[in-house]
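First comes the structure, then the notes that go with it.
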């Protein structure tokens with residue numbers, strides 16, 4: 001039974017398809033890694049912004065406290081300008097901070113506590129300022145000397161420190177996760193690229209072998225048969241097995257004329 005001829009076009013098509021799939025896989029991994037990288041960077045920027053907002057709030061509260069003390073010591077109204085500026089700026093700062101941690105219940109609790117303590121501290125400062133402005137400067141100084149304001153400031157700093165410490169913790173986790181993800185995708189992309197390279201090298205080797213196979217044909221000078229895969233077969237069978245070509249027989253015009261002339265000579269004789 002004749003063997004089916006090798007389908008080189010199908011083999012080449014399958015090789016090309018597999019190569020394209022590997023290229024697609026590398027592209028998909030790269031796209032996925034880039035997306036995760038952008039997401040991680042967004043989280044990192046978010047944490048940095050939360051820390052910056054928290055530090056700005058603490059700085060505003062410190063400025064307000066310094067302005068209060070300066071007014072009580074000097075009774076100069078220009079010291080109240082930083083206090084008024086801080087009083088006006090803090091609500092907006094707290095709103096921005098709350099929006100940044102909208103998906104973090106723990107941080108929302110810390111910020112709510114910080115805002116409550118800040119409001120208490122500002123009201124205490126306003127009381128002392130009002131007493132001083134109304135002529136009760138000694139009562140204002142006595143209120144400051146109770147250390148209520150200092151105790152509140154200690155609580156404010158502790159609340160702010162908890163917010164920043166929590167963001168530092170999350171930032172460290174995200175940086176670790178980002179590094180782990182990046183390495184994982186790098187390994188996967190490298191493995192796929194290596195497989196792709198080996199596959200292409202294998203295809204190149206097979207093509208090279210194909211070009212080396214059957215560069216010459218051994219044909220019997222007496223029977224016109226061909227040696228192929230250890231067998232002596234007709235040339236027509238060889239064409240069928242090797243290239244999938246079916247042969248039909250006919251008569252060339254030259255041979256037809258020769259046979260016709262030979263027949264006429266035989267009839268004339």
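The values are calculated or read from the model by the stated rules, or taken from the named source; none is laboratory data. Computed from a prediction, not measured in an experiment: that's the story for all the values here. Glycine gets a Cβ as well: all are built from the backbone with ideal geometry, and neighbour counts include every protein chain shown.
Pick from 54, 86, 62: which is at pLDDT 85 or above, surrounded by 13 or more Cβ atoms within 10 Å (Cβ to Cβ), touching a helix residue (DSSP H, G or I) at 6+ places or on another chain (Cβ under 9 Å) and closer than 30 Å to residue 180 by Cα?
Answer to the check: 54.
Based on this model, can you work out whether residue 184 counts as touching a strand residue (DSSP E or B) at 6+ places or on another chain (Cβ under 8 Å), assigned to a helix (DSSP H, G or I), at pLDDT below 80 and surrounded by 13 or more Cβ atoms within 10 Å (Cβ to Cβ)?
When the stated conditions are applied, residue 184 does not pass them.
Scan region 6-31 and report the pairs whose first residue is farther than 30 Å from residue 183 by Cα and whose second residue is part of a helix (DSSP H, G or I) and at pLDDT below 70, with Cβ atoms within less than 8 Å and a gap of 6+ or a chain change.
Partner pairs satisfying both residue conditions: 8/210.
Find the residue count for region 1-37, including only residues that are at pLDDT below 70, more than 18 Å from residue 196 (Cβ to Cβ) and either in a helix (DSSP H, G or I) or in contact with a helix residue (DSSP H, G or I) (Cβ under 8 Å, 6 or more places away or on another chain) (or both).
Number of matching residues: 6.
Return yes or no: is residue 215 more than 35 Å from the chain's Cα centre (by Cα) and at pLDDT below 75?
Working: more than 35 Å from the chain's Cα centre (by Cα): yes; at pLDDT below 75: yes.
Criteria met by residue 215.
If a residue has to be crowded, with 16+ Cβ neighbours inside 10 Å and under 28 Å from the mean Cα position of the chain (by Cα) to count, how many in region 90-103 make the cut?
3
I need every pair where a residue in region 242-269 that is over 30 Å from residue 229 (Cβ atoms) has its Cβ under 8 Å from the Cβ of a residue that is at pLDDT 75 or above and assigned to a helix (DSSP H, G or I), sequence separation at least 6 or different chains.
251/259
Can you tell me which residue within region 145-165, out of those that are in contact (Cβ under 8 Å) with a residue 60 or more places away in the chain and touching a helix residue (DSSP H, G or I) at 6+ places or on another chain (Cβ under 6 Å), is nearest to residue 76 (Cα to Cα)?
Per the stated criteria, the residue is 149.
What pairs can you find where one residue is in region 110-122 and in contact (Cβ under 8 Å) with a residue 12 or more places away in the chain, the other is crowded, with 20+ Cβ neighbours inside 10 Å and not in a helix (DSSP H, G or I), and their Cβ atoms are less than 7 Å apart, with a gap of 6+ or different chains?
Matching pairs, first to second residue: 111/101.
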